[in-house]
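Below is one structure, written out as structure tokens, with a few remarks after it.
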Amino acid sequence: FFFLMIRRPPRSTQSRSSAASDVYKRQVHGDRHSKETKTELVAARKFSHAKKVNVIEVFPDKQKLGKAFKAEHKILLEYLEELSTQGKKDMSKTLEAEGKVTVTHRDKTFEVTPDLVKFQEKEINVMEEKYTPSVIEPSFGIGRIVYATFEHCFKMRDEKRTYLAFPPKIAPIKCSILPVISNDQFLKYVEIIRNKLKRAGISCKVDDSGQSIGRRYARTDEIGIPFGITVDGDTINDQTVTLREITTMKQVRISIDEVVQVLRDITDNFLTWNEVLQKYPIFESKSEE
């Protein structure tokens, strides 16, 4: 689950200006999309009853504009279409008072006179108000999520040993299976445990290399495997294994039949590692490096 949290800024002039600027920029983006796509990207607020609103309509004389400014008259028409209500009022007053107004748009300058453009103010009834909404555009790319997860879970035991403390629920591999000796007696139990884990839907990885068990613990820690099952001499005698947790590095002695259910309960958050430590006998290992 991903949550978008909007925090209210402190009550200061600078914060209010920043917030207003942010809203303005988001509205400008919406306006630009609308302009480029020739689509009205607006929302509307419905009124319970009609409201009287004063509007100003622009009436450009396209024939005279064409003669006066040739092909560039389309730039002036674009400017007039984009004028706000206040912009229309200001332009109308200037034309009336001075008889002309200078307009600059798209690096082109035009001198507009009353015979080229006329304005008419009138009152109309409206049932809704249209506006360009402010839109928050968050980016939740999978790369950012994975990076944040790695950064959050990266831990160091000392200057040389690091590990990834993934919660079992999201760890790609939940458990490693490590036989102390790689011979047929031990590998038989490795296969039994692997099949039980697969049937339970628990991902696992077997490391039966010839390295010491401590080095193999460190190697599985580096890739974020939260649990390790060790098959040792006692496994052959009483069908028990040791179960090791990555963060505490503590181990318990547990039967092969129980270990799969324990891992499933921990992964599904029905059981905690502390509860496991209280229920099963602690196994003291001297092989951690």
Task: Percent of alpha-carbon pairs separated by more than 20 Å within the stretch 146-258 - done: 40
Task: Cut-off 12 Å between beta-carbons: net charge of the residues surrounding Thr240, Lys and Arg +1, Asp and Glu -1 - done: -4
Task: For the stretch 43-104 and the stretch 240-289, distance of Cα centres in Å - done: 77
Task: Whole-number percent relative contact order across the stretch 70-203, with pairs defined as alpha carbons under 8 Å at least 6 apart - done: 11
Open item on the list: Please compute the length gained on full extension between Thr149 and Lys205, using 0.36 nm multiplied by the number of residues separating them and subtracting their Cα-Cα distance.
Closed with: 18.0 nm
TODO: Return one quarter of the surface area of the convex hull spanned by the alpha-carbon atoms of the stretch 33-90, equal to its mean projected area, in nm².
DONE: 5.9
Task: Full-extension gain in nm, Ser84 to Met249, via 0.36 nm per residue minus C-alpha separation - done: 52.6 nm
Task: Portion, in percent, of the accessible area of the stretch 100-240 that falls on carbon or sulfur, probe 1.4 Å - done: 51
Task: Solvent-accessible ranking of Tyr280, Tyr147, largest area first, probe 1.4 Å - done: Tyr147, Tyr280
Open item on the list: Counting just the Cα atoms, what span does the stretch 76-127 cover along each of its three principal axes? Round to the nearest Å and put the largest first.
Closed with: 38, 25, 16
Task: Under 25 Å from Lys62, Cα to Cα: lysines that are on another chain or at least 8 residues apart - done: Lys35, Lys38, Lys70, Lys74, Lys88, Lys89, Lys93, Lys100, Lys108, Lys118, Lys122
Open item on the list: Rolling a 1.4 Å sphere over the protein heavy atoms, what is the accessible area per residue of the stretch 154-289, to the nearest Å²?
Closed with: 53
- [ ] Just report the Cα centroid separation between the stretch 112-172 and the stretch 181-233, whole Å.
- [x] 43
- [ ] Enumerate the lysines that Lys155 could reach by cross-link, defined here as Cα to Cα under 19 Å, with residues fewer than 8 away along the same chain left out.
- [x] Lys169, Lys174, Lys250
TODO: Give the accessible area for Glu57 in Å² (nearest 10); use a 1.4 Å probe, count only protein heavy atoms, and leave out ligands, DNA and RNA.
DONE: 60
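The values are calculated or read from the model by the stated rules, or taken from the named source; none is laboratory data. Predicted, not measured: the structure shown is a model, and the values here were computed from it. When we count neighbours, we look across all protein chains shown, and the Cβ atoms used for this are built from the backbone with ideal geometry, even at glycine. Note: accessible area is taken over every heavy atom of the protein model, side chains too, but ligands, DNA and RNA are not part of it. Shrake-Rupley method; radii C 1.70, N 1.55, O 1.52, S 1.80 Å.
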